[in-house]
Amino acid sequence: MNKAITDGLLLTPPAFEAGLGVWSSENGTAGSASYAGSANAAIVPADQDFGTCLELLKTATTQKLRFMGQTPLLPGCYLRITARVKAISGNLPSVRIAGYAMGAGEVHVGGLVETAPEVALTAYGEVVTVQAIVGSGSRGGVAMPWGTAPIYGHFGLDLTGSNGGVVRIDDIEIEDITGAFLRDMIDVVDVRDYGAKGDGIADDQPAFAAADAAAAGRVVLVPAGTYYLGSTLTISSPIRFEGQVTMPDSARLQLAHNFDLPTYIDAFGDEVLGFRKAFQALLNFTDHDSLDMKGRRVELSEPIDLHAAVGNKDSFALRRVLRNGQFNVVDGPAWAPTVMTSQATYSSGNPVVLSAVADIANVPVGARVSGNGVGREVYVTAKNLGSGTLTLSQPLYGGSGTQVFTFTRYKYILDFSGFSQLSRFNIDDVEFLCNGFASCIMLAVTGDTFQVRDCSIVRPRDRGITSIGSGCQSLLLDRCQMMSNEMPLRAQDRTSIAVNINANDAKIRDNRVVRFRHFMVAAGNGHIFQGNHWFQGDEETAGLRVAGLVLAETNLKVLIVGNYIDNSVVEWTNEYEQTPNFISQYSFGGLTITGNIFTANDVAPWFNWLVIKPYGTGHFVQGLTMTGNVFKALNGSITRVEGVDTTFAGLDMARMRNVVVENNTFTAVDQVTASPVYLQHDQATEAATWTVAPGAFMPFGGWARNVESVVAEGMITTASGARVTEMPYVAVEQGSSKQEVRVNWSAACKGRVQIKVRVDNPN
């Protein structure tokens, strides 16, 4: 910056030979005495050192020489005043640059330093150069820092010391040297000033490090060019990239001040590479716990292998957050699932291992396993080439044997499966536009408290969030929207699944999930499903409906509370048991379904909202609470809200216990379900045995196993009108279906009783 050039300012005073009338012997203000006609000042036309110059006899204690013109001062500008002086005769004085500060209204600005340090003249004929810098800021080398109040000055020099000396003075120069302070003023340190080449070949890492060290909080500038960084680099200062950097995959760029995705994209000149390197730094550089995408959209044509991006870690357990951005998938061959078939052997004695796997090298970790006897969402978590074995996420229910299995490896936007363990990772306020080409997130093999919060997963091709192992332990899924790519299809024709869980203690809260095959396939126990809305309807008249929530474990300890369950089934299975017949394990229990809204629209009448599907014989319900729910069918009624899928086996009704179904509301449901059920029985003709038929009310078509109370309403009378006051006794599990209760009296009688019947034993 040079104001003499950019603004056309006239800074240097005219030469002395142009006349001494503009040179003051006082402060230089208008009306002050000039050297024109002065006895102690004369023009020397041909000095051997100076050419035409001013010869001055020192006659005052401080002999002043000031240019009477107004030299402008601008904020941020710095002027250097230069004078060359030599002693000719007489006493040897000292010389200094000096000025007089003037503000608005041609008023002197007091309180400022208006003289520079003195320089003594020590010999006759020796040319001495004196200089001083004046400017607004108090910077190094500025002799006269004047701030912004002065708007111009009168500059020149002073002769001090003994009088009587004669000196000659060359023409005084005033120049703008703001450029000398430019680096400090615009707060930028250029890496080229510290040796960076920017040719893409030379290792510029040391130059970047030196520039960062010199910046001391100023901005490090990376100008246009390609800068090769051969090793890991940490930049603590703010940094701005006009050029790009390249570095080995194993080397990390750790931007302590500008740790955000846009800066990394600027640094590497590529959105995907910028994200990979930013994520690499996130899991290595502990000064930041989160990577802010700052609303940036990243276009993806292939999956991001996050373990490969980091490169130096197989496990990580510190809290890290990815937030505030968008991934948009564009079609390409990299998204096509890898599908292969291979023969393998399964033994229920080794429940999560496939052995003797043919062509095992080509079976990818993370592949979904399908075949006879394989439950939903069973994945390959590890493989051992030496032993020819695959480790599975869940056992197979189909029993031991050798068969051909299909292995399908879906492709995910964010693939964490390369990590053996990843805990406490959060994804917050990120939109995933899968566009029907890609699945969304695959979790690490193990880990806990992975959280997805306030995110949107739109149109995943096959899967939304996939757990291939126990990386879903304590999964937190909060306030997300997940929208299927299969919305136009009939419910039974869809194949995509939003989420699956293998481990325990998931918290699934306040999510909205639209028209997948299944919202969730959940193994494990201790889960809480609260405040979600999942719906899986279609446009078909009297249509089929499939499971929205699949609970794939018997002993659950699960809460389903306050959800909106729309056109879908809660299906409870034991498809992950290697020996699914009941032997001595826990059977179906520990499920609480409370305060939910259940809706179905235009469905087949045999539709049920809750279905238990045993994959083996001998199972029963040993703990179910279903209270305070609202059930409503639209455009037609359904038979009942609950049922048993007997594809493999039914329930052992003789062992039902701790089943509470009460205080629910039913609309367009033909048969209300309750246990205990309160019935009024009217016996119009005298009989010693009254038959009460509560079976239709019994959940899952169970038996009438217990009577909690029998209360007579009004008198019980004999044929003669005599009052019966005895207490009857009951016989339960009567009739061919064991769904009747017999109330027995000692004599034939008639009347009304209120009876409370249960489908279970209470404990």
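Read the figures in this text as sums done on the coordinates, not as results from a lab. Note that the structure is predicted; figures quoted are calculated from it, not measured. Here the Cβ is made from the backbone with ideal geometry for all residues, glycine too, and neighbour counts use every protein chain on show.
The rule of thumb for compact globular proteins, 2.2 N^0.38 Å, goes into the C-alpha radius of gyration of the range 338-409 0.93 times.
Helix 205-215 and the longest principal axis of the Cα set of the chain meet at an angle near 70°.
Computed over the chain, the P(r) tail beyond 44 angstrom holds 53 percent of alpha carbon pairs. For the range 600-615, the residues whose amide N sits under 20 Å from a probe point set 7 Å from the Cα of LYS632 along the beta carbon direction are 600-605, 607-610. The calculated pair-distance distribution of the range 187-288 uses every alpha carbon pair, bins of 5 angstrom beginning at 0, and gives 3, 15, 26, 29, 20, 7, 0 percent. Using the Cβ-Cβ distance between ALA18 and ASP193 with R0 set to 35 Å, the FRET efficiency works out to roughly 0.25.
Angle of helix 271-282 to the longest C-alpha principal axis of the chain, folded into 0 to 90 degrees and rounded to 10: 90°. Taken along the Cα-to-beta-carbon direction at a fixed 7 Å, the label points for SER347 and ASN384 span 1.2 nm. Relative contact order of the range 234-347: 23 percent, from C-alpha pairs under 8 Å at least 6 residues apart in sequence.
Each peptide in 193-200, 468-475 receives the mean, over its residues, of other Cβ atoms within 10 Å, and ordering these scores from highest gives 468-475, 193-200.
With all pairs of separate Cα atoms included, the range 22-151 yields a Kirkwood hydrodynamic radius of 16.0 Å. Remark: spin-label model distance GLU686-ALA224 equals 11.4 nm, labels positioned 7 Å along the Cα→Cβ axis. Scaling the Cα radius of gyration of the range 677-758 by the globular reference 2.2 N^0.38 Å produces a ratio of 1.07.
Looking at the square roots a ≥ b ≥ c of the eigenvalues of the Cα gyration tensor of the range 289-328, which shape do they give, rounded for a/c under 1.5, prolate if a/b is larger than b/c, or oblate?
Oblate is the answer for the range 289-328, as a/c is 1.5 or above yet b/c matches or exceeds a/b.
A Förster distance of 30 Å, applied to the separation of the beta-carbon atoms of LEU679 and ARG490, puts the FRET efficiency at 0.15.
Can you give the calculated 222 nm mean residue ellipticity of the chain, where each DSSP H run of n ≥ 4 adds -39,500 (n - 2.57) and the sum is split over every residue, rounded to the nearest 500 deg cm²/dmol?
The per-residue figure over the chain is -1500 deg cm²/dmol.
In angstrom, the C-alpha Rg and Dmax of the range 497-650 are 14.7, 45.
Pairs of Cα atoms in the range 241-380 fall into 5 Å distance bins, from 0 up to the last occupied one, in shares of 2, 8, 15, 16, 14, 12, 10, 9, 8, 4, 2, 0, 0 percent. Placing a label point 7 Å from the Cα of ILE583 along the Cα-to-Cβ line, the residues of the range 612-648 whose backbone N sits under 17 Å from it are 615-620. The distance separating the Cα centre of the range 471-546 from that of the range 697-739 comes to 44 Å.
Our compactness index for the range 379-464, the C-alpha radius of gyration over the empirical 2.2 N^0.38 Å, is 1.31.
Given R₀ = 25 Å, what would the calculated FRET efficiency be for THR286 paired with LEU476, taking r from the Cβ atoms and rounding to 0.05? Given R0 = 25 Å and the Cβ-Cβ separation, E is 0.65. In the structure shown, the pairs LYS507/LYS613; LYS507/LYS756; LYS277/LYS411; LYS313/LYS411; LYS383/LYS507 are assessed against 28 Å; a Cα-Cα span above that value is assigned to LYS507/LYS756; LYS383/LYS507. Straight-line reach from LYS58: taking Cα to Cα under 12 Å and skipping same-chain neighbours fewer than 8 places apart, the aspartates and glutamates in range are ASP158.
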